[in-house]
Structure formats: structure tokens, C-alpha cells
């Protein structure tokens, strides 16, 4: 008999779920233990007491939610009954608008087929699927350096001359500096955000890394002044680039120095892959296109995921939420702000 729920996991529940799915490669946001610290609810579906599927939800305003690279299924069996439980729990949790980015084509097809046959959830639209850039790490520092583009090699060399100091966050004061730098960057680049939510998210990532050791938070300093920072998460033999920030007023290549230094240390930890996260070669947004070009210069392979599904789980009309979001985006564009 299937049982399901959406809840905020306790530390013990997060560790138990993480261990139960330990044979599956976790990347990006699919980490139940991490969700405890970042305070994200988790859908779980159990059969005879064994969890067979889960999905970590990222909550937004207007009861909107996203699931990135999930749900995760333990067994490759018929998923129809799990989808029934999944959408039932979304309605109970009052989720009225869901963005679902599957990792695998089979999950995309399974979701779409279930929605077409169901009288409950409905598909609002599909959206281009996210892509990621992955760098394979191996060899000496010189061998890693030689995989970069000529431009990136030059920038790394320029950064060395500036004698930028890379060090871990070590105190409450360090963490506050980190938060302020990220807030400054978002303001400088006109990226729409909620400061309190961003600070809470960074705190959750930092607490999780401190607890588990599965990642690092570093600061970059020049002459005692903070000029950059980054947050990475580890999962098995991979590292995921969660956040990176620099001060726009700093005119030397801080991010190049942070990442090059990170690659060298990751090889020493026997981590093989570095996942840059969001990457679009033909992105119409100029800012995102620049970021993708920056990531691509480190010598990466790209992976494209299936299309995203924008879903009304049923109950409260997701069309209403969709229309509100359209109006919101029009206003943000008119104000010259980046639309996330």
C-alpha cells in the first residue's frame, strides 16, 4: 500500500532518506539531507514502509513551487500510482503552480502521459529545458590550465599577479560579509530577489556544509578587502557550483582565480566532475549569455535536460497564478530588472 506526504524533514529523516537513496547520483537540488538546512519541504512516497520516490520542493511566492531534476524514483517501474500520490499531496500542500524540470526523458514522458489521462492536474505549457556545463577534472595544475580557452588562461595568469587570497568562511563576521557581497551583486546586475530569502538560503547552505562536510564556502580577498565569494556542494565524485559573486567595481578577474583554485583542490579530493549549473549557448538574455560564455571557457562538456513542464496541480487555478506572473515579469522588465 502506498503512503505519501509532503513535510519538512527532521535531521534524522533527512539522513535516513539520503542513505536509502545513496546508490543514486545526487546532483543539483536533489539532496534530502540538505533540504533540512535550506528549509525546503520534501515529497516522499512509500510502499510497505520503503520510500520509493521523493522530490525536494523549492517554494516561491503565490504558492508557486519548483522541482529541479526530480522526482527521484528508486525503481524503474510503472510510475502512475506515484503520480497520483504526488499531485494529491501538492494539492493538500496548496501548491497552485509547479515548474517541474525532469532529469530523464522517461520521467518527462511519464509525467506528460499521466497529466493527459488525468482529470486533476493540467499542463499550462512547456518551457525550454535547462542545460548544464560539466568540467572533468584530472591531471596536474598545468594540465588543467591547458584545458582552458586562451582568454581564460590569460585571465588566470592576470589573477595570479594580483595575489588574490582564497580562504574559507571562518566566522559570523565572514558570513555577514558573504551575504552583503551577494546582495550587492544582485543589486548591481539588477537581478530581482528578496534579500531576506537570499540571506536565509545562504545560511542554510553554509549550515549544511558545516554539518556534513559536503561542500565549501570561500572568500576571495585582495589587500584585506572582500572581492569575491563562492559556494559549492559535493555529491559523491562531483562538485556543484551553487553560487558565485564578485563586486562589479573590481576590475580584475576574481572569479577566474576562485574557480582555478577550486579545480586544483577538488582533484586532490578525488572529485572528478565540476557541475557549473545553468548554461545556455543561445540564451537571448544578454546577462545569462555572458555567464554561459564565462563557464564555457573553462573547457566543459554540456548536457541538456528535457523540457520543463509548467503544471497546474489542480484545485486553485494555476492559470490565475500564471497571469499574475506574466504581469509581474512585464513590470520588472519595464523597470529594467532581470526577470528570473
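For segment 1-157, the share of DSSP beta bridges that are antiparallel, to the nearest 5, is 75%.
For segment 186-239 versus segment 110-168, the inter-centroid distance based on Cα atoms is 16 Å. Between helix 150-161 and the chain there is an angle of about 60 degrees, using the helix long axis and the longest principal axis of the Cα atoms.
Projecting label points 7 angstrom from Cα along Cα→Cβ for residue 301 and residue 236 puts them 1.4 nm apart.
Helical content of the chain, expressed as a calculated mean residue ellipticity at 222 nm, amounts to -12500 deg cm²/dmol (DSSP H runs of 4 or more residues, -39,500 (n - 2.57) each, divided by residue number, nearest 500). Checking the a/c ratio against 1.5 first, then a/b against b/c, what shape does the Cα gyration tensor give for segment 132-304? Verdict is rounded for segment 132-304. Once the Cα atoms are used to define both axes, helix 105-117 deviates from the longest principal axis of the chain by about 30 degrees.
The Kirkwood hydrodynamic radius of segment 152-209, based on inverse pair distances between different Cα atoms, is 13.5 Å.
Counting every other Cβ atom within 10 Å of each residue's Cβ, 66, 196, 257 order from fewest to most as 196, 66, 257.
A simple spin-label model places pseudo-atoms 7 Å from Cα toward Cβ; at residue 158 and residue 63 they are separated by 5.1 nm.
Relative contact order of segment 131-240, taken over Cα pairs closer than 8 Å and 6 or more residues apart, is 24 percent.
Note on residue 265 and residue 7: with the Förster distance fixed at 30 Å, the Cβ-Cβ geometry gives a FRET efficiency of about 0.25. For 62, 114, 43, the sequence from fewest to most other C-beta atoms within 10 Å is 62, 114, 43. Rounded, prolate or oblate: pick one for segment 93-201, where a ≥ b ≥ c are the square roots of the eigenvalues of its C-alpha gyration tensor, a/c under 1.5 means rounded, and failing that, prolate if a/b is larger than b/c, else oblate. Cα axes put segment 93-201 in the oblate bin.
With Rh defined as the Kirkwood radius, the inverse of the mean 1/r over Cα pairs, the Rg/Rh of segment 44-100 is 0.98.
Counting only alpha carbon atoms, the long axis of helix 80-92 and the longest principal axis of the chain meet at about 80°. Pick from 178, 47, 11: which residue has the top mean-square fluctuation in a GNM of the chain where Cα pairs under 10 Å get a spring? Evaluated over the chain, the most mobile residue of the options is 47. Listed by Cβ neighbour count within 10 Å, with the fewest neighbours leading, 60, 138, 260, 39 appear as 138, 39, 60, 260.
Comparing 238, 171, 265, which has the greatest mean-square fluctuation in the GNM of the chain with Cα pairs linked when under 10 Å apart? Of the options given, 171 has the highest mean-square fluctuation. Our summary gives the chain a relative contact order of 24 percent, counting only alpha carbon pairs under 8 angstrom and 6 or more residues apart.
Would you work out if segment 234-290 is rounded, prolate or oblate? Take a ≥ b ≥ c from the square roots of the eigenvalues of the alpha-carbon gyration tensor; rounded if a/c is under 1.5, else prolate when a/b is larger than b/c, oblate otherwise. Verdict is oblate for segment 234-290. Packing-based ranking of 294-301, 218-225 yields 294-301, 218-225, ordered from highest to lowest mean Cβ neighbour count within 10 Å.
Read the figures in this text as sums done on the coordinates, not as results from a lab. All figures in this text were calculated on a predicted structure; none of them were measured in a lab. Virtual Cβ from ideal backbone geometry, glycine too; neighbours counted across all protein chains shown.
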